[in-house]
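Structure, as structure tokens:
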Amino acid sequence: MLHIYRQIVSLERVRPVVIARKRENSDRFPFDEVRLVKKPALHFLRRIWFKQITDRPLKISARETRVLQGVLADVNAQLLHVYFGHIAVLLLPLLEKWSKPTLVSFHGADVLVDMHKPTYRRATQQMLALVKGVLVRSESLQRAVTELGCPPEKIVLQRTGIPLDVFPFRERPSPPNGEWRLLQAGRLIEKKGVATTLRAFAKFHEIFPASIMTIAGEGPQLEDLQKLAKELGIASAVSFPGFVSQSELRELFYSSHMFLHPSETGRDGNQEGVPNSLLEAMATGLAVFATRHGGIPEAVENGVSGVLVDERDDEALAKAIIFAAQHFERLSEMGSAAATQVADKFEQAEQTRRLEEIYLRTIA
């Protein structure tokens with residue numbers, strides 16, 4: 001994930017070494033210190049046994065544990081940082097044998113998904129007892145991890161870092177002839193609330209027929225969302241460009257006037273931390289129209305740097321974006337405030353400095 005890559009390569013006071021199952025996109029993410037530990041030949045059988053037959057979280061085998069111990073010894077690792085809670089559960093056999101400190105980062109879905117199942121909840125609680133510290137991206141995740149039984153003194157708020165030089169602020173002029181450009185970017189999955197976006201945009205498009213909605217990203221909901229756009233009569237005004245590169249996304253930010261991200265809690269309990277695309281859009285000067293969900297209210301101040309509505313409330317979302325289009329000066333003010341908010345709370349250099357302090361303090 002791009003935000004993890006940015007975090008790793010910005011570290012200066014410690015030497016990061018990445019351990020992964022496989023290497024992909026090395027041209028987009030150049031980094032030399034990577035150690036590969038491939039899945040064992042019978043991994044799929046273990047997965048079926050754990051997940052489908054016994055309904056327990058998957059854990060690595062004794063052989064994989066020994067291989068990982070060898071890698072950690074070879075690089076003389078002083079601290080292990082595991083990204084995502086469910087990966088830390090997978091690594092429980094290693095954490096039980098690893099004598100040096102471990103940190104785990106929670107990002108969103110890895111806190112709440114499957115926690116209604118006793119075996120998954122117990123395994124997560126066991127993992128939380130073994131690690132030295134827990135990093136969370138938002139206060140909402142902090143509360144969720146506390147409710148799982150993690151001692152509050154173990155938890156540290158470590159926000160996503162946004163490189164402001166990559167997403168500099170830029171003023172947007174008022175669009176001519178009502179040619180509004182609205183944008184949402186992210187995976188096309190339930191918790192992103194894209195269906196709510198389309199329903200709200202349909203109402204917006206009735207008033208501003210020259211407007212265009214871009215949904216950048218790919219995912220399992222694509223066909224359903226395209227079908228919904230047709231049913232709403234807005235298919236010709238909605239673009240689904242699929243996955244876009246970082247430079248393409250940045251250009252979409254600058255060519256847009258509003259950013260929508262009406263996240264909602266999935267049926268499996270999946271929630272957001274603070275979406276990266278939302279923060280990047282804000283950094284460029286886009287006002288955000290989102291929901292009171294997860295960590296979003298920690299980034300978007302309602303009525304100041306954007307507008308927040310209740311989850312799945314397309315009526316309220318439509319009213320908000322229509323009002324903003326009718327009061328461009330107010331929209332411009334919110335965009336400026338959004339950029340300031342990201343600079344104050346999510347600037348990458350400061351978040352990297354904080355992470356290095358956590359690492360060094362934990363090692364000490």
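Any read-out appearing in this document is the output of simple, stated calculations on the displayed coordinates, not a laboratory observation. Keep in mind that this is a model prediction, so the values were computed, not measured. When we count neighbours, we look across all protein chains shown, and the Cβ atoms used for this are built from the backbone with ideal geometry, even at glycine.
Report the charge-dipole magnitude of the chain in Debye, nearest 20, computed about the Cα centre from +1 at each Lys and Arg Cβ and -1 at each Asp and Glu Cβ.
1780 debye
Think of each Lys and Arg Cβ as +1 and each Asp and Glu Cβ as -1; about the Cα centre, that makes the dipole of the stretch 176-345 roughly 140 debye. Between Val166, Val82, Val194, the GNM of the chain built on Cα springs shorter than 10 angstrom shows Val166 fluctuating the most. Build a GNM of the chain with springs between Cα atoms under 10 Å apart, and of Trp98, Trp49, Trp180 the one that fluctuates most is Trp49.
Which of the lysines could a cross-linker bridge to Lys39, judged by Cα under 17 Å and excluding same-chain residues fewer than eight apart? In chain and number order, the partners are Lys22, Lys51, Lys59. Taking amide H atoms as placed 1.01 Å from N in the peptide plane, the amide H of Ile155 lies under 5 Å from those of Val134, each 5 or more residues away in sequence or on another chain. Counting every other Cβ atom within 10 Å of each residue's Cβ, Asp310, Asp74 order from fewest to most as Asp74, Asp310.
Here is what passes the span test in the chain: the DSSP H helices with alpha carbon length of 24 Å or more along the helix axis and a Kyte-Doolittle mean of -1.0 or above are 328-345. Of the residues Ser99, Ile363, Leu249, the one whose Cα sits farthest towards the positive end of the charge dipole of the chain is Ser99 (charges of +1 on Lys and Arg Cβ, -1 on Asp and Glu Cβ, taken about the Cα centre). Averaging 1/r over each pair of different alpha-carbon atoms in the chain and inverting the result gives 21.9 Å, the Kirkwood hydrodynamic radius.
In a reduced charge model with +1 at each Lys and Arg Cβ and -1 at each Asp and Glu Cβ, the stretch 45-131 shows a dipole moment near 280 debye about its Cα centre.
Only helices enter the 222 nm calculation for the chain: every DSSP H run of n ≥ 4 contributes -39,500 (n - 2.57), and dividing by all residues gives -12500 deg cm²/dmol, rounded to 500. Shown in residue order for the stretch 156-171 are the 3J(HN,Hα) couplings computed by the Karplus curve 6.51 cos²θ - 1.76 cosθ + 1.60 at θ = phi - 60°: 10, 7, 10, 7, 5, x, 10, x, 5, 5, 7, 10, x, 5, 8, 5 Hz (x for Gly and Pro).
Dipole orientation for the chain: of the candidates Ala338, Ala77, Gly178, Ala77 has the Cα lying most toward the positive pole (charges on Cβ; Lys, Arg +1; Asp, Glu -1). Each of the peptides 351-363, 10-22, 202-214 was scored by the mean count of other Cβ atoms within 10 Å over its residues; in descending order, highest first, they stand as 202-214, 351-363, 10-22.
For a straight C-alpha distance cut-off of 30 angstrom, the lysines reachable from Lys203 (same-chain residues fewer than eight places away being disregarded) are Lys191, Lys192, Lys227, Lys230, Lys319. Sorted ascending by nearby beta carbons within 10 Å, beginning with the fewest, Met334, Met258 become Met334, Met258. Comparing Ser174, Ser277, Ser263 in a Gaussian network model of the chain, where Cα atoms under 10 Å apart are tied by springs, the biggest mean-square fluctuation is seen for Ser174. For the stretch 1-73 and the stretch 254-286, compute the distance between their C-alpha centroids and round to whole Å. Result: 28 Å between the Cα centres.
By the Kirkwood approach, averaging reciprocal distances over each pair of separate Cα atoms, the stretch 148-287 gets a hydrodynamic radius of 16.3 Å. Cα-based radius of gyration for the stretch 246-288, normalised by 2.2 N^0.38 Å, reads 1.31.
By DSSP, the beta bridges lying fully in the chain are antiparallel in about 0 percent of cases. For the listed peptides 146-155, 229-238, a ranking on the average number of other beta carbons within 10 Å per residue, highest first, reads 229-238, 146-155. Amide H contacts of Phe289: Phe259, Leu260, His261, Val307, each under 5 Å away and 5 or more positions distant or on a separate chain (H built 1.01 Å from N in the peptide plane; Pro and chain starts excluded). When each of Leu135, Leu157, Leu72 is scored by the number of other beta-carbon atoms lying within 10 Å, the sequence from fewest to most is Leu157, Leu72, Leu135. Ranking Leu198, Gly285, Val300 by how far each Cα lies toward the positive end of the dipole of the stretch 176-345 (charges on Cβ) leaves Leu198 at the top. Using only alpha carbons, the stretch 22-166 has a radius of gyration to Kirkwood radius ratio (Rg to Rh) of 0.97.
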